[in-house]
Structure formats: C-alpha cells, structure tokens
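Undergrad: Just dropping this structure here.
The values are calculated or read from the model by the stated rules, or taken from the named source; none is laboratory data. For clarity, every value in this text was computed on a predicted model and none was experimentally measured. Positions of Cβ are generated from backbone atoms using ideal geometry, with glycine treated the same way; all protein chains shown enter the neighbour counts. We work out accessible area using only protein heavy atoms, side chains counted, and drop any ligands, DNA or RNA first. Shrake-Rupley method; radii C 1.70, N 1.55, O 1.52, S 1.80 Å.
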Amino acid sequence: MSQNADQAIEELYHSDWGRILAALIRLVGDFEVAEEAAQEAFAAGVNQWRSSGVPEFPRAWIIRTAQHKAIDVIRRRALHDEKVESYAYGLSESVEQPDYDPAEIPDDRLRLIFTCCHPALAPESQVALTLQTLGGLQTDEVARAFLVPVTTMAQRLVRAKRKIRDAHIPYTVPGTTDMPERLAAVLTVIYLIFNEGYAATRGGPLVRTDLCAEAIRLGRLVRALMAPQPPGEATGLLALMLLHDSRRDARMDAAGDLVILEEQDRSRWNGQQIAQALPLVEDALRSGPGPFTVQAAIAALHCEAARPEDTDWRQILGLYDLLERITPSPIVSLNRAVAVAMVSGPLPALELIDGLAGDLDSYHLLHSARADLLRRAGSPVEAVKAYRRALELVSNDSERRFLERRLREVRG
C-alpha cells in the first residue's frame with residue numbers, strides 16, 4: 001500500500017504540480033503561500049494515503065487539502081483576523097473532479113504564465129519563475145536552463161516572487177493591447193518547459209512526456225488566444241515542438257538508453273504529427289524568420305529526410321547562420337558547429353567548439369559534441385578526455401549511460 005501511495009504522489013507531482021499550484025495561486029493570490037500550502041498538502045498525502053489508500057481523485061484531494069493548509073500558513077504569518085476570514089471564505093468552495101476544462105481559454109496555467117511574464121519583472125526572472133512554478137522544476141534544473149549557478153538562480157526566484165507580491169501584479173491574462181510586450185517571454189517559457197520534458201535535467205528517464213504534452217498544449221492555447229492571425233513566432237514554436245516531439249519514441253531503445261538522431265529508427269517517428277507541423281512551418285515563415293520559426297525550419301529538414309544521408313545539411317547550416325544573426329548565443333553557435341562538421345568535416349567544427357569553451361565549460365553537451373568530433377577526427381586520446389569531462393557534468397541517467405558506452409568504444 002505504501003509503495004502505491006508513494007508512486008501515486010510522485011506521479012501526481014510530476015504531472016500536475018503546475019496546474020495545482022496555478023489553481024492555488026488564483027485562490028490565495030500569493031506565490032509563497034500557495035507553494036508552501038501545496039508542499040504541505042503533498043507531504044500530508046504521503047502519510048495519509050499510505051494508511052487509507054489513494055483517493056479516487058488525487059488531484060482534487062491535494063487541492064482541497066492545500067486550501068486548508070493555506071489558511072494555516074496565513075495564520076502562522078500573523079495576518080489580521082479579517083484577512084484570514086476573507087481567505088477562508090474564498091477557499092471554502094469544494095473542488096470537484098474534473099476541476100479543469102481543457103477547452104477553456106485561458107486557463108489557470110495560462111494566467112500563471114502571463115503573471116510571471118509581467119513586464120515589471122526582469123526578463124530572466126520571468127522565464128525562471130514560470131519554469132519553477134508551472135513546470136515544477138527544482139531550482140537547480142532552472143539554473144541549468146540558464147547556465148547560471150544555483151545560488152544565483154535561487155536569489156533571482158525569491159526576488160521575482162516578492163516583486164509580484166509587493167507590486168500587486170494581477171493574476172490575469174492581459175488584453176490584446178498588452179499582449180505583444182509579454183509574448184516573447186511567454187513563448188520562451190513554453191519552449192523551456194518543453195526542453196526540460198524533451199531532455200530531463202536529472203533522474204532516470206530521458207523524456208518527461210508530461211512536460212512535453214503540457215508545453216504543446218500551452219502553445220496551442222497561446223496561438224488560439226491570438227487568433228485569427230496569430231504571430232508567426234507562436235505558430236513557429238508550436239511547429240517546432242510538434243516536430244521534436246514526433247521523434248520521441250525513437251530517441252530511446254528498449255532499455256531506456258539514448259539513441260542519437262542519425263541512429264534512430266525513422267519508421268517510429270510520428271508521421272501524422274510531422275504532417276500536421278510542416279504546414280505550420282510554412283505559415284510561420286511567411287511572417288518572417290523569427291528564432292522559433294527558423295528552428296522549426298531546421299527541425300522540418302531533419303524530419304523530411306527518410307534516411308540520415310538524405311539530410312540537407314547545407315541548407316541546415318544556412319539556417320543556423322541566419323539563426324546566429326537573429327539571436328546570437330553560445331548554444332546556437334554550438335549547434336551550428338555540429339552542422340559545420342556535417343558539411344565540412346570535424347576539424348573546422350572543432351575550432352568553433354574550442355572557441356566556445358569559455359562560455360560553455362560547465363555544459364556537458366559541449367564536451368560530448370567535442371568528444372564525438374575528436375573521435376571522428378581520429379584523436380581517441382583527446383576524445384577520452386572530453387567524454388570524461390562530459391560525464392563529470394551530465395546529470396541524466398540515460399545520457400550518462402550513452403556517454404559511458406561511447407567512452408568504452410573509444411577506449412576499446
């Protein structure tokens with residue numbers, strides 16, 4: 001019984017933390033109170049479900065319990081009796097299952113994204129706060145997305161929550177006139193949620209399908225919210241996520257180990273999803289070459305190739321050249337270097353990657369890419385060193401096993 005309870009709690013946390021927290025923030029209007037109440041409700045669930053069994057509607061149980069915990073949190077913070085009573089009155093509604101209409105636009109999670117992406121917050125804080133609250137990511141996972149120290153990210157998150165509280169930022173989706181100034185941050189947040197699902201920071205599974213599905217759902221919501229003429233970047237982001245997600249089943253073997261793109265069984269790609277995404281790429285390109293649109297075009301070229309050798313790497317390199325001009329970053333330059341290797345060989349790409357070492361020395365994928373290029377260039381001793389460095393930095397078990405296998409191959 002306890003194992004079932006523990007598993008149910010863990011699965012609920014991974015799949016529904018964002019929607020539970022979004023509902024609580026709407027009810028209590030305070031990030032910190034909602035987070036503390038939700039954490040206490042999950043802790044209570046572990047203890048109670050072990051003895052009484054998992055309830056019929058676990059998510060509703062957590063929300064209802066968290067409502068009562070929120071009242072306790074407010075009391076502990078010595079707020080005035082009148083405010084406690086007003087909160088208690090607002091939280092007295094029962095929560096029934098299902099407590100969300102998936103067709104509703106906007107929903108609590110979309111409100112949460114737009115609240116976190118309020119222009120009063122610094123851009124990096126907007127994205128980080130949403131990743132933590134909606135995606136349920138730990139502080140170190142958010143720090144990894146920004147390539148900053150964990151302590152720096154922790155301070156950034158605390159400041160952002162206090163800013164929302166002190167500035168009385170409303171928990172609403174903005175009107176059409178205020179939408180454009182928040183759109184870029186909102187789209188970035190959704191994509192980073194997808195990225196965490198597509199390549200989980202830590203733990204066993206490489207892919208968290210719950211986060212991928214949630215990001216795609218939110219991408220559709222944002223695009224529908226801005227109909228009948230959604231911005232090209234909103235369309236490009238949705239296409240990009242659909243194309244990446246179409247390869248999900250082929251990215252791992254039966255043992256759960258990573259399978260790189262060139263070795264994937266392409267018959268396992270989701271052809272229906274690719275067919276849905278390709279017209280979206282064309283629609284997005286008509287609006288101009290935004291960052292998500294260009295990345296979608298790159299993903300489309302990969303998905304259109306029936307075999308690895310059919311991939312149009314020259315066109316992909318040209319698109320990376322364009323992307324590097326539009327949104328220069330070390331990560332874009334690293335991906336461009338991989339395309340250079342496919343067009344011109346490993347040596348020119350190695351020169352580019354070595355130039356990025358200062359910015360990305362703590363990024364395991366830089367050392368993994370460098371090791372692969374050194375292997376292809378016939379430098380096994382240097383490749384071993386690079387693989388070892390990548391292994392020091394990687395935190396996902398599936399990626400770790402892949403790197404260990406590559407290291408054994410090079411040493412052998």
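Undergrad: What's the number of the condition L323 fails, among (1) part of a helix (DSSP H, G or I); (2) open to solvent by 40 Å² or more (accessible area, probe 1.4 Å)?
TA: (2)
Undergrad: Give the residue, chosen from R247, R220, R251, R286, that is open to solvent by 40 Å² or more (accessible area, probe 1.4 Å) and either touching a Leu at 6+ places or on another chain (Cβ under 9 Å) or under 14 Å from L183 (Cβ atoms) (or both).
TA: Among R247, R220, R251, R286, only R220 is open to solvent by 40 Å² or more (accessible area, probe 1.4 Å) and either touching a Leu at 6+ places or on another chain (Cβ under 9 Å) or under 14 Å from L183 (Cβ atoms) (or both).
Undergrad: Hey, another quick one. Test of understanding: among A43, A8, A23, which residue is aliphatic (A, V, I, L, M), assigned to a helix (DSSP H, G or I), surrounded by fewer than 19 Cβ atoms within 10 Å (Cβ to Cβ) and at pLDDT below 85?
TA: Criteria check complete, one pass: A8.
Undergrad: Yes or no: the stretch 298-315 includes at least one residue that is at pLDDT 95 or above, outside any helix (DSSP H, G or I) and among the hydroxyl-bearing types (S, T, Y).
TA: Yes, the conditions are met somewhere in the stretch 298-315.
Undergrad: Still on this structure: Hey, any hits in the stretch 343-352 for a residue that's open to solvent by less than 70 Å² (accessible area, probe 1.4 Å) and under 21 Å from the mean Cα position of the chain (by Cα)?
TA: no
Undergrad: Could you say whether any residue in the stretch 281-293 is of a type in the set (A, V, I, L, M, F, W, C), on the phi < 0 side of the Ramachandran plot and not in a helix (DSSP H, G or I)?
TA: Scanning the stretch 281-293 turns up no residue that is of a type in the set (A, V, I, L, M, F, W, C), on the phi < 0 side of the Ramachandran plot and not in a helix (DSSP H, G or I).
Undergrad: If you scan the stretch 298-315, which residues turn out to be over 20 Å from the mean Cα position of the chain (by Cα) and of a type in the set (A, V, I, L, M)?
TA: A300, L301, A305, A306 - these are the residues of the stretch 298-315 that are over 20 Å from the mean Cα position of the chain (by Cα) and of a type in the set (A, V, I, L, M).
Undergrad: Suppose we filter S368, S362 for residues that are surrounded by 15 or more Cβ atoms within 10 Å (Cβ to Cβ), under 24 Å from the mean Cα position of the chain (by Cα) and more than 25 Å from G236 (Cβ to Cβ); which single one remains?
TA: Exactly one residue qualifies, and that residue is S368.
Undergrad: Say whether the condition of being modelled with pLDDT under 80, in contact with a Phe, Trp or Tyr (Cβ under 8 Å, 6 or more places away or on another chain) and open to solvent by 10 Å² or more (accessible area, probe 1.4 Å) is met by at least one residue in the stretch 146-155.
TA: Yes, because at least one residue in the stretch 146-155 is modelled with pLDDT under 80, in contact with a Phe, Trp or Tyr (Cβ under 8 Å, 6 or more places away or on another chain) and open to solvent by 10 Å² or more (accessible area, probe 1.4 Å).
Undergrad: Output the qualifying pairs, or none if there are none: Cβ atoms under 8 angstrom, residues six or more apart or on different chains, first residue in the stretch 349-375 and among the charged types (D, E, K, R), second residue crowded, with 23+ Cβ neighbours inside 10 Å.
TA: Taking only residues 6 or more apart or on different chains, the pairs are D354/R370; R370/I353; R370/A386; D372/A383; R375/A383.
Undergrad: Filter the stretch 371-401 down to residues that are surrounded by 15 or more Cβ atoms within 10 Å (Cβ to Cβ) and β-branched (V, I, T) and give me whichever is nearest to E324 (Cα to Cα).
TA: By that ranking, first place goes to V394.
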